Every structure is written in C-alpha cells, then in structure tokens.
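Everything below concerns the one structure shown next.
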Amino acid sequence: MKLLKDKVMSEGIVLGNQVLKVDSFLNHQMDPVLMKEVGKEFARHFEGEQITKVLTIESSGIAPAIMTALELGVPMIFARKNKSLTLKENILVEKVYSFTKQETNEITVSKKFLDENDRVLIVDDFLANGEAAFGLARIVEQVGAKVAGIGIVIEKSFQPGARRLKEAGYRVDSLVRIAALENGTVTFVDDQTN
Ligand code: 5GP
C-alpha cells in the first residue's frame, strides 16, 4: 500500500535493528485519513471471506480494526490486556508474550461477543513473532469460530511471525512488508502487497 509505505519512509523511526517507531501516525498520535484508507484496503482484501467480526488487541490495533469493521459493516472487538472489573465471568482468556514489553500478559474477550458461527478477521498494527496474532486466533478457536484471515498493517518479514502463521494454515495479508531495519533505514520486501 503506497500511502502507508510513504508514511513509514517519511515518519518511521528505526530503533536498533528490530523495532520501528511509528508514533506519529499509528502508535500514539493516529492519522485518521490513513487509518480510513487502511480500513478500505483490508476490506478489499477480505471482501470475499464473509467476515462477521473484526478482532484486535488494545490499544494500537483499535484504529485500523475499527476502520476495517466500518468498511465491512460488522462489529469490532478488542481483546483487553488488563482484566476489567466488569469482565470477570464468561471470558475467553489466553496468554500472550509481548514483543515490545517483553512480558507475558493475559488477554481477555467476553464470551458473549463470539460464537461458533463467526468468521473472524484478526487485525493488528505490527507482526513480529506472531504471539499476539496466535493468541487472538486461539481466542477465536476456543468458541469454535473460524479465523478467516489476519490483516497486518506493518509486517516485519525478517521476524518469524508471518511464516509461523502461514505454516499454521492462516491467511496473512500485510499492507507493507519490511525486509530489514538496519543502520536507521527501512528496507521493504520487493514483492509487497500493494
Ligand atoms: P508479535 O506478537 O507478532 O511478536 O508482535 C506484535 C505486537 O508487538 C504488536 O501488537 C505490536 O504492538 C508490537 N510490536 C512488534 N514489533 C513492533 C515494532 O517494531 N514497533 C511497534 N511500534 N510495535 C511493535
């Protein structure tokens, strides 16, 4: 997706050779016009998949996920990272190791928002090792629902998440794919989805 690639090039900050900081448009300040286009793009990718729900994880997945859900005309659910006081029973729980925080969190979704008839599109901001996406997929599968696809805004293809998810049988569509983050420079995978 050219608009997103241009934004990563102009505003992304490379930290070490593993992490890309995009807090000017995705992870802190959010660009609503770009998020709207991201939503349209995911909706276009998955329009044939009869998606019934979009599922993400708080907080940075929420903006791309809500825009995608708006385009698809379905609800969006975000998994919570901290247990809500009002969400104690009838919850789906999975453990997820956080790449950026380097700690394991329990993520939770209320059982009332997913059932076995759902075809769920998982959306997240970044894909690194795939822990967040696998955790969300396990939540969907706990209720017997189907993971119809995984939409990623920025895939770091030099990390194993995309390969692991594809090997597990999931469809992964990423809007930009990064081959390397080295010497402060972003290199994109040539055959990126656009
Ligand atoms: P994974 O679970 O695939 O290992 O990592 C994905 C999660 O970690 C995403 O939800 C995202 O919040 C965070 N993450 C992973 N890599 C990066 C990165 O390079 N930059 C930022 N901002 N977040 C990342």
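The values are calculated or read from the model by the stated rules, or taken from the named source; none is laboratory data. The structure presented is a predicted model; accordingly, all values stated were derived computationally and were not measured. Every residue, glycine among them, receives a Cβ derived from its backbone with ideal geometry; neighbour counts consider all protein chains shown. For accessibility, only protein heavy atoms count, side chains too; no ligands or nucleic acids. Shrake-Rupley method; radii C 1.70, N 1.55, O 1.52, S 1.80 Å.
Taking amide H positions as placed 1.01 Å from N in the peptide plane, with prolines and chain starts having none, which residues 5 or more places from Ile77, or on another chain, fall under 5 Å of its amide H?
Placed amide hydrogens put Val54, Leu55, Thr56 under 5 Å from Ile77.
Sorting check: for 132-142, 22-32, 96-106, 147-157, which peptide has the highest mean count of neighbouring beta carbons within 10 Å, and how do the rest follow?
Working: 132-142: 21.7, 22-32: 16.2, 96-106: 13.5, 147-157: 24.3.
By packing density, highest mean first, the sequence is 147-157, 132-142, 22-32, 96-106.
When Rg is the radius of gyration of the Cα atoms in the chain and Rh is its Kirkwood radius, what does Rg/Rh come to?
Checking Rg against Rh, the ratio lands at 0.95.
Ignoring ligands, DNA and RNA, what percent of the accessible area of the chain is carbon or sulfur (1.4 Å)? Walk me through the intermediate numbers first.
Details: 4550 of 9560 Å².
Its accessible area is 48 percent carbon and sulfur atoms.
Be a star and scan segment 98-125 for residues whose amide nitrogen sits under 14 Å from the point 7 Å along the Cα-to-Cβ vector of Glu89.
111-112
Rank Tyr170, Leu26, Phe158 by how far each Cα sits towards the positive end of the charge dipole of the chain (+1 on Lys, Arg Cβ; -1 on Asp, Glu Cβ) and give me just the farthest.
Checking the options against the dipole of the chain, the answer is Tyr170.
Counting heavy atoms of the protein chains only and a 1.4 Å probe, report the per residue accessible area for the chain as a whole number of Å². Write down the numbers at each step before the final one.
Working: 9560 Å² over 194 residues.
Per residue, the chain has an accessible area of 49 Å².
Which of the helices in the chain, when you take each full DSSP H run, stretch at least 18 Å along the axis at their Cα atoms and have an average Kyte-Doolittle score of -1.0 or higher? Spell out each step's value before the answer.
Values: long enough: 32-45 (20 Å, -0.41).
Length and hydropathy pass: 32-45.
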